[in-house]
Every structure is written in C-alpha cells, then in structure tokens.
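Some notes on the structure that comes next.
Any read-out appearing in this document is the output of simple, stated calculations on the displayed coordinates, not a laboratory observation. No experiment lies behind these values; they were computed from the predicted model shown. Here the Cβ positions follow ideal geometry from the backbone for every residue, glycine too, while neighbour counts run over all protein chains shown.
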Amino acid sequence: MKPVQRFPENQSDYQINASLFEEPRVSDTWRVFRILSEFVDGFETLSTIKRAITVFGSARTKPEDPQYHAAEQIGRMLGDDGYAVITGGGPGIMEAANRGASESSSPSVGVNIELPHEQTPNSYQDVAVDFRYFFVRKVMFVKYALGFVLMPGGFGTLDELFEMLTLIQTRKVKPVPVLLYGRPYWEGLLRWMQTTLLPRGMIDPVDLDICRIVETPEEVRDLFRQWYPGGPSPR
C-alpha cells in the first residue's frame, strides 16, 4: 500500500511517517482472507449485542474536559436504560462513554483499531474486538446500533458522521436517531449544509432532518426514550 501523502518538514520525517502505514507485501488475494477473518471475529464477538447505541468522539478529549464528563453521563444513562454502548474503544470521548456504561448493568463495548498514534484501548470495556481495517470496523459500529451520538471530534468523527448520514439518506439502513452533541461545535457545519449544499441541489431538504443537535445528556436519553417508547428492542 502506498504511504499516505503528507507535507513533512523534511524527507527523513516523511520516511518515518511512511513506515507506519506500510503493510507486509502480500497478494491482494491473501489479504481478502485477513479481511474475512476480521468480519468473522467481529460478528462472533458482538453477536450477543442486540440493543446498542454507538457513541463517536475525539480520542484527544481530556478527562477534565466538560465534554468528557458529558460523554460519561450519556454512557451511564443509556446503559441504565438498557442499551449497550459501543465506542471506538480508545481514549478521550470513547473512554468516557465506556466508563459511564461500565457503571451500568449493560455491556460496554469497544471496537478497537490499530493506529500508529492515539489509539490505546481504554480499560472500561466489557466486550472488546480489535480491527486493522477501518471499513470492517465501520460495519460493526452500524450493524448493532439503534442510534448514534456524535460528540465533538476531528476527521474520524466527521467521517463517521457523514457515513451515517449517507447510509440513512440512501436507505441502506433504517432511519435512527443521529444526535450531534453541543450546538457551538456543530451548528457551523449544519449551517454550511443549509446555505451551500441545499441551494446547489447537492442534498434535499429532508436530508437535513436526519440529524439534530442536542445540548445535554438528559436530552440524549429523552430523545431515545421518545424514539423507542417501549425501551430498546433488537434491530
């Protein structure tokens, strides 16, 4: 696989960065078996998870950050309401949501990824599975989830947001709540969708209803209660 193109300060920096992304030289045919094994591993490990909410957010959020405390509350509240809580299994927001869920009677699930930096599995996972390929991991985020909560985050969180929006827009998955936590963080992005994408016909007005902004952990809990009035049911 070719190295990710960056803009390093010098060539030696580039060579160091490139080495982190190089894979063993194996044929694409054999790589298929590795990909298949990751799917099998994921399905077998998570097969008992029937009612879950996936929480996305930055790995860089510190424990003293208010967003960390909010994610912890959300994880605990969702767990208390009978939902397993799925995260990317790393530090930051992921750790916070797993930590909250681990204090409930519901499973705290980590869907971990091998990365050259940032991703150290947190210690609050009752169920954990490791992946090398992002696209396999993404399937696990979606397959078992009855909804999604997106806390502030970077490229990874934005990637996950637009993945969810696309899947729902194209009806590849059933409509479920997609909640964006924190108006100051997300309203600029939604305004750009409204003022740039919509007028140019890149999206339809109804597409803007797929996600909504929430401000408190209680609002997250209450919206899921409203969406699933009888409590969580299997997908």
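Taking 0.692 mPa s as the viscosity and 37 °C as the temperature, the Stokes-Einstein diffusion coefficient of the stretch 135-235 based on its alpha-carbon Kirkwood radius rounds to 226 µm²/s.
The GluC sites (Glu not before Pro) of the stretch 51-97 that meet both conditions, a loop assignment by DSSP and at most 16 other Cβ atoms within 10 Å of the site Cβ, are Glu64.
Note on the chain: with a GNM built from Cα contacts shorter than 10 Å, the maximum mean-square fluctuation among Leu78, Leu46, Leu223 falls on Leu223. Each label point was placed 7 Å from the Cα along the Cα-to-Cβ direction; for Thr45 and Thr166 their separation is 2.4 nm. Neighbours of Gly231, meaning other residues whose beta-carbon lies under 11 angstrom from its beta-carbon, give a summed charge of +1 when Lys and Arg score +1 and Asp and Glu score -1. Computed from Cα positions, the angle between helix 134-143 and the longest principal axis of the chain comes to roughly 20 degrees. Full extension of the chain segment joining Thr195 with Asp65 gains 43.7 nm, where the gain is 0.36 nm per residue of separation less the Cα-Cα distance.
Can you tell me the 0 to 90 degree angle between the C-alpha axis of helix 93-102 and the longest principal axis of the chain, rounded to 10? Helix 93-102 sits roughly 60 degrees off the main axis of the chain. Lys/Arg Cβ at +1, Asp/Glu Cβ at -1, dipole of the stretch 26-227 taken about the Cα centre: which of Tyr144, Thr170, Ser105 is farthest positive-ward? It is Thr170, whose Cα lies furthest towards the positive end. Shown here are the Rg and Dmax of the Cα trace of the stretch 26-227, at 16.7, 50 Å.
Under the combined filter of DSSP loop state and at most 15 neighbouring Cβ atoms within 10 Å, the stretch 149-234 retains these trypsin sites (Lys or Arg not before Pro): Arg171, Lys172, Arg200. Return one number: the angle in degrees, 0 to 90 and rounded to the nearest 10, between the long axis of the Cα atoms of helix 66-80 and the longest principal axis of the Cα atoms of the chain. Approximately 70 degrees, to the nearest 10.
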